[in-house]
1. Leaving out ligands, DNA and RNA, what percent of the accessible area of the range 92-152 is carbon and sulfur, probe 1.4 Å?
2. Just tell me which lysines come within less than 24 Å, Cα to Cα, of Lys101; anything on the same chain fewer than 8 places away is out.
3. Using all Cα-Cα distances in the range 1-51, what percent lands in each 10 angstrom bin from 0 up to the longest?
4. Hey, any idea what Rg/Rh is for the chain, computing Rh the Kirkwood way over Cα pairs?
5. Do you know the relative contact order of the chain, to the nearest whole percent, from alpha carbon pairs under 8 angstrom that are 6+ apart?
6. Quick check on packing: order 13-24, 137-148 by the mean number of other C-beta atoms within 10 Å, highest mean leading.
7. Averaged per residue, what accessible area in Å² does the range 30-79 show with a 1.4 Å probe, protein chains only?
8. Mind checking the angle between helix 91-101 and the chain's longest principal axis? C-alpha axes, 0 to 90 degrees, to the nearest 10.
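The values are calculated or read from the model by the stated rules, or taken from the named source; none is laboratory data. Computed from a predicted structure; not experimentally measured. Cβ placement follows ideal geometry from the backbone for every residue including glycine, while neighbour counts extend to all protein chains displayed. Just so you know, the surface numbers come from the protein's heavy atoms only, side chains and all, with ligands and any DNA or RNA stripped out. Shrake-Rupley method; radii C 1.70, N 1.55, O 1.52, S 1.80 Å.
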Amino acid sequence: MTKEKFSDLILECEQTMYRVSMSMLRNESDCEDAVQTAILAAYERLYTLRREEYFKTWLIRILINVCNKQLKFRSRHTELNDEHEAKSTDTSSDVRYAIEKLPEKIRQAVVLYYIEGFSVGEVKQIMKIPEGTVKSRLAKGRELLREELKER
């Protein structure tokens, strides 16, 4: 793969990378760092990409690994406070707030499938879990979102 092709593919994936990392890290600065680190790691490990048509899936997997490392580091060095979001009457804000309240593994599957538009098979590859697990996390996510949004 040429440098130009790599750059073009990265530009196509940029918004997805940002949204996925933001859903995990919930901090713009950390999100930007994770995206940049993932791009660098992807470039350095480009030789491990077996098939170009899986570039986006491969890249998002790298990004999730980077985000998980940041979360581990953060949890060791600071106390997290996830109750910083203010409640809003705006429907899209309510949905975003409800998604952010989901457990991390369920939130990842929901964001990848419903927001980023990956198929169940692609989510399976990205998260490295069985297809049945993806489907059960999506079902659990829908159930939790329904309960949370019903309360509002």
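1. So the carbon and sulfur contribution to the accessible surface is 51 percent.
2. Lys69, Lys72, Lys87, Lys124, Lys128, Lys135, Lys140, Lys150
3. P(r) for the range 1-51, in whole percents per bin: 25, 51, 23, 2.
4. 0.98
5. The normalised contact order for the chain reaches 23 percent.
6. The most tightly packed comes first, giving 13-24, 137-148.
7. Per residue, the range 30-79 has an accessible area of 66 Å².
8. Between the helix axis and the principal axis of the chain, the angle is about 80 degrees.
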